[in-house]
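Student: What follows is a single structure, and I will ask about it in a moment.
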Amino acid sequence: MTQDFAVRIQNMDKYYGTFHALKGINLDVAAGEKVVICGPSGSGKSTLIRCMNKLEDYQAGSINVLGTELDDNLDNIDEIRRETGMVFQHFNLFPHMTILENCTLAPMLVRKQSLAEAEAVAMEYLTKVRIPEQADKYPGQLSGGQQQRVAIARALCMKPKIMLFDEPTSALDPEMISEVLDVMVSLADEGMTMICVTHEMGFARQVADRVIFMADGEVVEEAAPEAFFNAPQADRTKTFLSQILGH
Amino acid sequence: MTKTYRAPTLWDRIRADYFSSRLNTALTLTFGAFVIWVLWNLANWGLIHAVWSAENRDLCGHGGEGACWAVIDARWRLIMFGLYPFEEQWRSAIACCALVLVGILSCVPWFWNARRISILWVAGFATFYVLMRGGVFGLTPVFEQNWGGLSLTLFIFAAVSLLGMPLAIVFALLRRSELPWIARTMGVIIDTIRSLPLLSIMFTFAIVLPFVLPGWMIGDKLYRVIVGYALFFACYQAEIIRGGMQALPAGQEEAAKALGMSYVHRIAYIVLPQAFRNALPPTINQFVITFKETSLVVIIGFFEILASGHAAFGTSEWNFAHVEVYAFVALIYFVFVFALSRYGAYLERRTAIAAR
């Protein structure tokens, strides 16, 4: 399988009933690339990232992830979901399982790992997100920042080739944002392919190879962070940046 | 006046809870007096002036002075075992104990996996059936028509729950299927069965079904009634489970999907455990109702414990003592239902730690 892209989206359209949510999206993400998607709320950025592992369906165009066509074939969908990790705004940890069980469940069921193997991998990643001492607690006993770091570790336990982040810091108290961003930065430094929907512009400047600005279901502008922040082209980008960076 | 802190004594707390104003003091005294009056009369009737032994039967029945527990002493075997042959009633007693034991064991978390729990219940039902039905190991055959009393009540309850629960899970999953035709058809089936009275369902399965089913499918009336009852149970329980599923945030299933988990794994590990947790109080409620409504099988001629009790005072010798017999049967129901609800409360405490 030779390809120079991790994700290739071509002329993709998404409708909610008659509402045209995503309009003719074209996007290539190279292996190892870090892409930040931003834009005002309702612009379709979360919908776009959720289409990449088929949590949302799309109606026209094509999406190819890691050489597998993301169509209606359930085998292809399973294949893609196994290779992509996702982190959600509201963490979505399984509240009835301990932290360790959250991390070992999918590797054991999907990757057929043994309990010992899965636990060793889980502890490795929990150590990486600096939270190994919480392994036997339940999600409800952890702070928001800790839960989100567990969610990242849980996704990493599946050894994904791409990580999708859907506003990972938007539901966090301000003092907990940096502990999650630190983990994401170190993940980026290790060469993970990352697609992040986020409003953290500091993170975008530091980590992104490319920033994509969306509005009204379209990609309005895409550029390297330097160009994006210092010399935005479109008016809507300028307005958005002035609103978000103005304070 | 400023308050200074001191640890509240028992008297402080009683005063704060029950005598905090003139109105509350009056209410406390009124209801306190009423409760004492009721308890005093009950004790007078049920304990102090009661007749306990069947030998003293002649002392009861003259009205007013006390309970005639002699009827229980004389007729308890009929109440507990119904029409089961007198010499064989030890079999019914052991079979009863076997079901209770299996019921208690399946409340122990160690048994909570598919293999252990199914082995346990297959063994439990096999023991029950061999003992009750006989015909093997030199046991005299006793046909289902003659089963009765507590063991019949427990058997119907256990069989309905064990058939009905998996069926309820399947119904609930079909009901929320993404394929509209399957979901709607299941919805119509559930609504139809729920709109029928349990009595008419039992009657249909017992009396009407033999005319339409092929011979090999008919089986004994008792098992047909159990299947009909299980279907009824499953429709109610399916809606309870569906309610528990709807309380789950969409993110739970999305997270499981994003991890690559299959439909069966998502349902078994993420959706159902949390749905049952959310639906625990109404589920216990459903079990309690199911236990008590087993008494309806009397309409198709089975003498479960309530009907057996009815038979126990149905002679001219004892027919004045119906209150005592009903009180005794009520006590038996209470023991089982109370145990069920205490177990439900234990489960709620146990799962509270993992709740958000």
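Student: If each residue of separation counts as 0.36 nm, what is the full-extension length gain between A:Gln59 and A:Lys238 once their alpha-carbon separation is subtracted?
Tutor: 61.3 nm
Student: Principal axis extents for the stretch A:5-245, Cα atoms only, whole Å, descending order, please.
Tutor: Result for the stretch A:5-245: principal-axis Cα extents of 53, 43, 32 Å.
Student: Any idea how far the Cα center of the stretch A:118-180 sits from the one of the stretch B:97-138, in Å?
Tutor: 44
Student: What's the FRET efficiency of B:Leu10 with B:Val38 using the Cβ-Cβ distance as r and R₀ = 25 Å, to the nearest 0.05?
Tutor: Efficiency for this residue pair is about 0.50.
Student: Summing -39500 (n - 2.57) over the DSSP H runs of n ≥ 4 in chain B and dividing by its residue number, what mean residue ellipticity at 222 nm do you reach, to the nearest 500 deg cm²/dmol?
Tutor: Only helices count here, giving -21000 deg cm²/dmol.
Student: For B:Arg22 and B:Ala247, what does the FRET efficiency come to when R0 = 45 Å and r is the distance between their Cβ atoms, rounded to the nearest 0.05?
Tutor: After rounding, the FRET efficiency stands at 0.50.
Student: What do you get for Rg/Rh of the stretch B:143-195 when both radii come from the Cα atoms and Rh is the Kirkwood radius?
Tutor: Result for the stretch B:143-195 is an Rg/Rh of 1.21.
Student: Would you mind telling me which residue in A:Leu115, A:Leu22, A:Leu48 has the biggest mean-square fluctuation in a Gaussian network model of chain A, where springs connect alpha carbons within a distance under 10 angstrom?
Tutor: It is A:Leu115.
Student: Anything over 19 Å Cα to Cα? Flag those among A:Lys14/A:Lys54; A:Lys14/A:Lys161; A:Lys23/A:Lys45; A:Lys14/A:Lys45, in the order listed.
Tutor: Long pairs (Cα-Cα over 19 Å): A:Lys14/A:Lys161.
Student: Which number comes out as Rg/Rh for the stretch B:1-52 once both Rg and the Kirkwood Rh are worked out on C-alpha atoms?
Tutor: Using only Cα positions, Rg/Rh for the stretch B:1-52 is 1.28.
Student: Sticking with this structure for a sec: Pop the C-beta distance of B:Cys107 and B:Ala268 into the FRET formula with R0 = 25 Å and round what comes out to the nearest 0.05.
Tutor: For B:Cys107 and B:Ala268, the calculated efficiency is 0.75.
Student: Let me ask another. Could you list the square roots of 5 times each eigenvalue of the Cα gyration tensor of the protein assembly as shown, that is, the equivalent ellipsoid semi-axes, sorted largest first and rounded to whole Å?
Tutor: Here the semi-axes work out to 63, 32, 22 Å.
Student: OK, next. With a Cα-only, solvent-free Debye model of the stretch A:17-158, what are the log10 I(q)/I(0) values at q = 0.10, 0.11, 0.19, 0.20 Å⁻¹?
Tutor: Result of the Debye calculation: -0.42, -0.50, -1.17, -1.23.
Student: Now, a different point. Would you mind calculating the relative contact order of chain B from Cα pairs under 8 angstrom and at least 6 residues apart, reporting the percent as a whole number?
Tutor: Relative contact order comes out at 19 percent.
Student: To two decimal places, what compactness ratio does the stretch B:171-236 give when its Cα radius of gyration is scaled by 2.2 N^0.38 Å?
Tutor: Against the empirical 2.2 N^0.38 Å value, I get 1.26 for the stretch B:171-236.
Student: Okay, next question. Using the Kirkwood formula over every pair of different C-alpha atoms, what hydrodynamic radius in Å results for the stretch B:76-355?
Tutor: Computed over Cα pairs of the stretch B:76-355, the Kirkwood hydrodynamic radius comes out at 20.6 Å.
Student: With each pseudo-label sitting 7 Å past Cα toward Cβ, what's the B:Trp76-A:Ala31 distance in nm, one decimal?
Tutor: 8.0
Student: Another one. List the relative contact order of chain A as a percent without decimals, with contacts defined as Cα pairs under 8 Å and 6+ residues apart.
Tutor: 26
Student: In chain B, which Cys residues have no partner Cys with a Cβ closer than 4.7 Å?
Tutor: Cysteines of chain B left without a disulfide-compatible partner: B:Cys96, B:Cys97, B:Cys107, B:Cys235.
Student: Restricting to Cα atoms and excluding each atom paired with itself, what does the Kirkwood estimate give for the stretch B:200-335 in Å?
Tutor: Answer for the stretch B:200-335: a Kirkwood hydrodynamic radius of 18.4 Å.
Student: Per-residue ellipticity at 222 nm for chain A, helices alone: DSSP H runs ≥ 4 residues times -39500 (n - 2.57), over residue total, nearest 500 deg cm²/dmol?
Tutor: -11500 deg cm²/dmol
Each reported figure results from applying straightforward, stated rules to the coordinates on display, with no laboratory input. Everything quoted here is computed from the prediction, not taken from an experiment. For neighbour counting, all protein chains shown are included, and Cβ atoms are generated from backbone atoms with ideal geometry for every residue, glycine included.
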